[in-house]
Amino acid sequence: MKNALDTAALGAALDHVHRAGMPGLFAEVRDGEQVWRGAAGTADVSTGRPVTTGMRHRVGSITKTFTAAAVLQQAESGRIGLDTPVGRYLPELVPGERGEAITVRMLLNHTSGLAEYLPYAYPSLKAFPVLAETGPESLDDHRFTRFDPLELIAMGVAAPPVGTPGGTPGVYSNTNYLLLVQLLELAAGTTAERYITRNVIERAGLRHTGLPTGPHVEGPHSRLYESWFGMIDPPRDYSVFDMSWVGPSASLISTVADLNRFYGALLAGQIVGPSSLEQMRRTVPVVSQEGRLIEYGLGLHPMEGPAEDPGRTFWGHGGTVWGGGALAMTRADGGRQMAIAVNMQRWNRLDATGRPQPHPIDAALMDLYRVAMHGDR
């Protein structure tokens, strides 16, 4: 019988991303019982230490699927209403008319209209999304800053709104998920870290996944190289970083194997019930942080199959931190999965208009995704 995974094509596609300029990357692809793992490049450009497939990695906003699943569990128990105004739970954080207009569902699917707090917490990013007027200085200034999540939320709530509550397209904003963390803690009567660990991470059987307690990544890991659109040259390592700037909404550390295990368990109904899973996969148009219009559910993002192979939808999420990124996707029927981690971010330089220019890494990654998710066809 022909192998479901073309391991030679997968290895070649992975190597192509490294040759295109990515210092290091590693991946796991699954098709039924068949598993392929591969790694290419270096974990430390100064020593030449290679990346390996079992490394732990900061996976950024992939954390949002974990947070959303925890909130949905509380909704199943009756402690949270998805269509209840957030102001009824957290009136001091989202007061007045906005608190009555913004529902929990709107936080989950980014249609609250609340702005992103990040440019206000990091002054050198204040011109975002006008990238040419931003700078990386705040990354160094705040490497060890311990942010108060309530202060970050206040920045996002006080900023000019980016839309009306419930209006589409929504606008992706970390403010939404910091509020969900506060709501989860109120409903569960414990910290979000403890609840997510016990009821999501451990329920999925993940052994190498956790939320950080300090600025270091414990266990084997890669350095994380941030370029900030060529303004940091050569790219600088930010693998040691206090992650309180995103907290339990985007600070998870995991492995590619654990990510595949998690999304497989989620889509198999082992983390939330069928009704909740249906809610998670009900999407609306949302403007991503890269300015692209995407479909977004409740902590889940769909990716459609190629035009010549329609109807194959993959569910998952991507994530970035300073220097690192990851993407995990699982086919709707659970039959094919991919999780990929990279150790450099914002490699595109800006053109004269301030827009990111295409880079060979972009095309190489898209080819890797195609081979990983759909086969070389």
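The values are calculated or read from the model by the stated rules, or taken from the named source; none is laboratory data. These figures come from a predicted structure and were not determined experimentally. Positions of Cβ are generated from backbone atoms using ideal geometry, with glycine treated the same way; all protein chains shown enter the neighbour counts.
Here are some notes:
- Test: residue in region 138-150 that is out of contact with any Gly (no Cβ under 9 Å at 6 or more places or on another chain) and of a type in the set (Phe, Trp, Tyr): yes
- Residues of region 118-141 classified as among the hydroxyl-bearing types (Ser, Thr, Tyr) and touching a Phe, Trp or Tyr at 6+ places or on another chain (Cβ under 9 Å), total: 3
- Breaking point among (1) of a type outside the set (Lys, Arg); (2) out of contact with any Leu (no Cβ under 8 Å at 6 or more places or on another chain); (3) free of Cβ contacts under 8 Å to residues at least 60 places away in the same chain, for Thr209: (2)
- Output for region 247-284, where each listed residue is within 26 Å of Val171 (Cβ to Cβ) and among the charged types (D, E, K, R): Glu278, Arg281, Arg282
Results for (1) assigned to a helix (DSSP H, G or I); (2) in contact with a Phe, Trp or Tyr (Cβ under 6 Å, 6 or more places away or on another chain); (3) farther than 18 Å from Gly41 by Cα; (4) among the aromatic types (Phe, Trp, Tyr), shown as yes or no for each residue.
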residue	(1), (2), (3), (4)
Gly334	no, no, yes, no
Met338	no, no, yes, no
Thr353	no, no, yes, no
Pro358	no, no, yes, no
Ile361	yes, yes, no, no
Leu368	yes, no, no, no
Ala372	yes, no, yes, no
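- Considering region 214-321, the qualifying strands (runs of 3 or more DSSP E), each wholly inside and each with 3 or more residues that are closer than 24 Å to Met55 by Cβ and at pLDDT 95 or above, run over 314-321.
- Members of region 315-361 found to be surrounded by fewer than 17 Cβ atoms within 10 Å (Cβ to Cβ), small (Gly, Ala, Ser) and more than 24 Å from Ala265 (Cα to Cα), listed by number: Ala352, Gly354
- The helices (runs of 4 or more DSSP H) falling completely within region 122-197 that include 1 or more residues that are crowded, with 21+ Cβ neighbours inside 10 Å map to 149-158, 174-188, 192-196.
- From the options Met344, Met338, residue that is of a type outside the set (Val, Ile, Thr), at negative phi and touching a Ser or Thr at 6+ places or on another chain (Cβ under 7 Å): Met344
- Filtered by the rule that a residue be within 25 Å of Thr209 (Cα to Cα) and surrounded by fewer than 21 Cβ atoms within 10 Å (Cβ to Cβ), region 256-275 gives Ala257, Gly264, Ala265, Ala268, Gly269, Gln270, Gly273, Pro274.
- Cβ-Cβ distances below 9 Å connect the following pairs, each with a first residue in region 212-234 that is more than 22 Å from Ala39 (Cα to Cα), a second residue that is of a type in the set (Gly, Ala, Ser) and not in a loop (DSSP other than H, G, I, E, B), and a separation of six or more residues or different chains: Phe229/Ala132.
- Within region 41-60, considering residues that are part of a strand (DSSP E or B) and farther than 17 Å from Leu206 by Cα, the one farthest from the chain's Cα centre (by Cα): Arg49
- Under the condition of being within 21 Å of Ile80 (Cα to Cα) and either surrounded by fewer than 19 Cβ atoms within 10 Å (Cβ to Cβ) or among the acidic types (Asp, Glu) (or both), the residues counted in region 104-121 number 0.
- Residue check, Leu82 within 26 Å of Glu295 (Cα to Cα) and either outside any strand (DSSP E or B) or touching a His at 6+ places or on another chain (Cβ under 9 Å) (or both): yes
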